[in-house]
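As structure tokens, the structure follows; a few thoughts come after it.
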Amino acid sequence: MDSSEQRRKRKRLIRTSPKLYLNVIPSNLFSVRSMVLCFSFILFVCILSYNFRMNSSAFRPVLVVSSLSLLSSSSDDSVKDFDKLLSLPFKIEDRILFPDHVLLLVKDNGFLKKNQGLECVYGKSAFLVQGSSNDSVSAIAKQKALSVDEYDEFRLIVRCPLPPLNYSAVVYLQRGVRNGLQLENAGLLLKKNQTAHSWENVAYAATFDRDTAVVFAKGLNLRPDRESDPNQFSCHFGLGNLETGTKFRFTTKAVTAAQEVVRCLLPRIIKKNPEKAQGIRVTVGVTHYVHGRAHDHMILPSVAKIFNSKPEGREKNRAKHELCVCTMVWNQASALREWIMYHTWLGVEKWFIYDNNSDDRIKEVIEELNQEEYNVSRHLWPWIKTQEAGFSHCALRAKDECNWVSFMDVDEFFYFPYSSPGHQTFRNLGYASQGSLRDLVANFSSSATIAELRTSCHSFGPSGLSSPPSRGVTAGYTCRLQSPERHKSIIRPEALDATLLNVVHHFHLKKGFTYMNLPQSTAVLNHYKYQVWDVFKAKFYRRVATYVADWHENQNEGSRDRAPGLGTEAIEPPNWSQQFCEVWDTGLRDFVLANLADPSNGLLPWERSLDQ
């Protein structure tokens with residue numbers, strides 16, 4: 001009985017035990033699971049809070065960029081990663097700090113060419129990504145970009161105003177909020193290893209010339225009009241950038257060095273495959289010697305990329321132009337039409353206009369001239385006070401296209417007096433015929449020794465005028481100084497010395513070549529140097545030549561490069577309109593009116609509009 005009763009109790013206990021187990025044990029398991037989930041959630045929130053800033057007013061995501069993508073924008077790999085991360089349609093390759101603006105060299109896929117609302121974004125140097133959102137906003141400043149322009153085959157130039165006080169010159173670009181780039185994101189670009197090069201110390205341009213590379217650089221401190229020892233210089237080629245720690249891959253020795261121009265041999269691999277070297281970066285190395293021994297070696301920062309430039313607008317094997325002209329201008333759009341139309345009548349066939357940061361209508365004027373079938377090319381040359389280097393660059397560029405190149409300014413006009421008995425043939429015609437300047441230089445193209453024709457200049461004054469002459473300078477200014485001043489040159493680019501040395505528009509020639517001074521009775525240049533005050537005062541802004549002082553500087557005030565007695569301030573002197581007038585000379589005015597005016601209405605070519 002007892003044993004059977006005990007068995008029944010044990011069976012009941014077994015049937016009820018699972019219920020007790022299920023009622024008790026699951027609650028314990030749930031507590032452990034809850035703790036794990038809570039801990040995981042807290043960890044997740046901590047991770048999020050590390051990557052995203054939150055405040056009481058708004059939740060705004062902040063992009064955290066890997067340090068690998070924050071290397072200098074000049075490094076190709078890092079910039080590619082960075083640009084993909086922000087999905088920007090352009091890449092800032094280099095920045096240069098000028099005295100009056102910051103210049104950005106930008107690789108673009110077409111966005112910047114169409115953008116009219118581009119903004120320059122500045123940040124404070126001490127700005128850190130991990131600061132609060134409010135701090136990041138206060139550390140950002142922005143200003144409208146000054147201009148966007150094409151520079152070479154692969155890059156554009158964007159000019160930005162100087163940064164505000166206490167802001168970095170490492171400028172970035174913003175497409176505008178409506179296009180997606182927010183201020184906070186723009187601010188995150190301000191990272192270490194970014195730099196803005198000083199204009200005083202940088203390799204800024206380069207080009208091929210046969211089996212050599214010609215590099216243009218600031219900071220070499222070489223004497224003007226003197227050849228320097230090339231043994232202290234070298235050229236370095238590659239895709240690297242000094243600021244990122246990467247090295248240039250190839251080094252060659254310099255063969256010439258003068259002023260701001262260093263010529264080096266090409267590396268063998270580039271010489272054999274020049275098409276594969278398009279866009280390669282190049283710079284100059286300088287070795288300092290003490291007592292005949294190398295003391296230290298410095299490599300200049302570089303924004304220069306080398307291209308195998310081809311002649312513009314000329315078919316292969318086509319004959320060269322007999323006569324071309326090269327000039328450098330700043331805000332001279334209003335003077336171009338008269339200057340180009342007049343000299344085209346005299347026989348100039350090709351024009352190289354080096355635009356030195358103009359902000360007037362120069363692009364539109366050149367486009368209009370080309371529509372009228374004038375052969376004019378505009379080359380953007382943003383490097384301030386580098387006229388001599390720019391002329392060297394132009395001489396190389398024109399060598400494959402032109403037999404002769406004249407280097408002169410847009411206020412200088414060739415004139416043929418033909419006043420001596422030796423020019424009786426021309427005297428019978430009355431004036432020089434159309435194409436006379438081209439014919440003149442062509443007479444020397446077969447010469448074995450003559451490679452430069454030098455022409456004296458007559459400097460004209462305001463000629464009693466107080467406003468710009470309506471019919472142009474050639475018909476308006478008729479009073480000049482009696483004695484001629486410095487000469488200007490027409491050169492054969494193939495005969496230039498390898499150094500490309502030039503001063504005041506004339507070059508050093510190869511051994512065996514010489515120059516010829518044209519008699520004033522044959523040809524002169526009318527230099528409309530001292531025009532009405534409203535035009536003349538622009539000279540005080542900045543001069544393009546490297547080795548002459550700007551007129552607002554207190555240097556060389558007695559030099560013939562300056563207006564005698566004018567001083568350093570752009571204040572109109574008394575009786576300006578009557579100054580620089582010693583000889584009344586109407587020769588060129590009479591020539592222009594007799595030969596270029598339209599017989600039906602008397603208008604000169606530059607007075608007619610495009611649709612007339």
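The values are calculated or read from the model by the stated rules, or taken from the named source; none is laboratory data. Keep in mind it's a predicted model, so treat the numbers as computed, not measured. With ideal geometry, Cβ positions are generated from the backbone for all residues, glycine too; neighbour counts draw on all protein chains shown. Protein only, heavy atoms only, side chains kept; ligands, DNA and RNA dropped before computing areas. Shrake-Rupley method; radii C 1.70, N 1.55, O 1.52, S 1.80 Å.
Results, tabulated for the structure shown:
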{"read-out": "Any chance ILE366 is under 26 Å from CYS457 (Cβ atoms) and crowded, with 20+ Cβ neighbours inside 10 Å", "value": "yes"}
{"read-out": "Considering residues of the range 335-362 that are free of Cβ contacts under 8 Å to residues at least 40 places away in the same chain and in a helix (DSSP H, G or I) only, the residue most open to solvent (accessible area, probe 1.4 Å)", "value": "THR344"}
{"read-out": "Residue within the range 216-229 that is touching a Phe, Trp or Tyr at 6+ places or on another chain (Cβ under 6 Å), assigned to a strand (DSSP E or B), at pLDDT below 90 and closer than 25 Å to PRO382 by Cβ present", "value": "no"}
{"read-out": "Looking only at the range 379-395, and only at residues there that are crowded, with 21+ Cβ neighbours inside 10 Å and touching a helix residue (DSSP H, G or I) at 6+ places or on another chain (Cβ under 8 Å), the one that is nearest to ASP209 (Cα to Cα)", "value": "ALA395"}
{"read-out": "Number of positions in the range 493-524 that are surrounded by 23 or more Cβ atoms within 10 Å (Cβ to Cβ) and farther than 15 Å from SER392 by Cβ", "value": "1"}
{"read-out": "Residue that is modelled with the lowest pLDDT [pool: residues in the range 129-138 that are farther than 23 Å from THR195 by Cβ and open to solvent by less than 90 Å² (accessible area, probe 1.4 Å)]", "value": "SER132"}
{"read-out": "Selection within the range 94-128 - in a strand (DSSP E or B), at pLDDT 85 or above and open to solvent by 10 Å² or more (accessible area, probe 1.4 Å)", "value": "LEU97, LYS107, GLU119"}
{"read-out": "Close pairs (7 angstrom Cβ cut-off, 6 or more residues apart or separate chains): over 21 Å from ASN273 (Cα atoms) and small (Gly, Ala, Ser) in the range 225-239, open to solvent by less than 50 Å² (accessible area, probe 1.4 Å) and not in a strand (DSSP E or B) anywhere", "value": "SER228/LEU222"}
{"read-out": "Residue list for the range 139-169, filter: more than 18 Å from TYR122 (Cβ to Cβ), open to solvent by less than 90 Å² (accessible area, probe 1.4 Å) and either free of Cβ contacts under 8 Å to residues at least 12 places away in the same chain or outside any strand (DSSP E or B) (or both)", "value": "TYR151, ASP152"}
{"read-out": "Selected residue [in contact with an Asp or Glu (Cβ under 8 Å, 6 or more places away or on another chain) and in contact (Cβ under 8 Å) with a residue 40 or more places away in the chain] from PRO484, PRO462, PRO493, PRO468", "value": "PRO468"}
{"read-out": "Subset of the range 573-607 (residues that are of a type outside the set (Val, Ile, Thr), within 24 Å of ASP534 (Cα to Cα), part of a loop (DSSP other than H, G, I, E, B) and open to solvent by less than 80 Å² (accessible area, probe 1.4 Å))", "value": "PRO573, GLN579, PHE580, CYS581, ASP585, LEU604"}
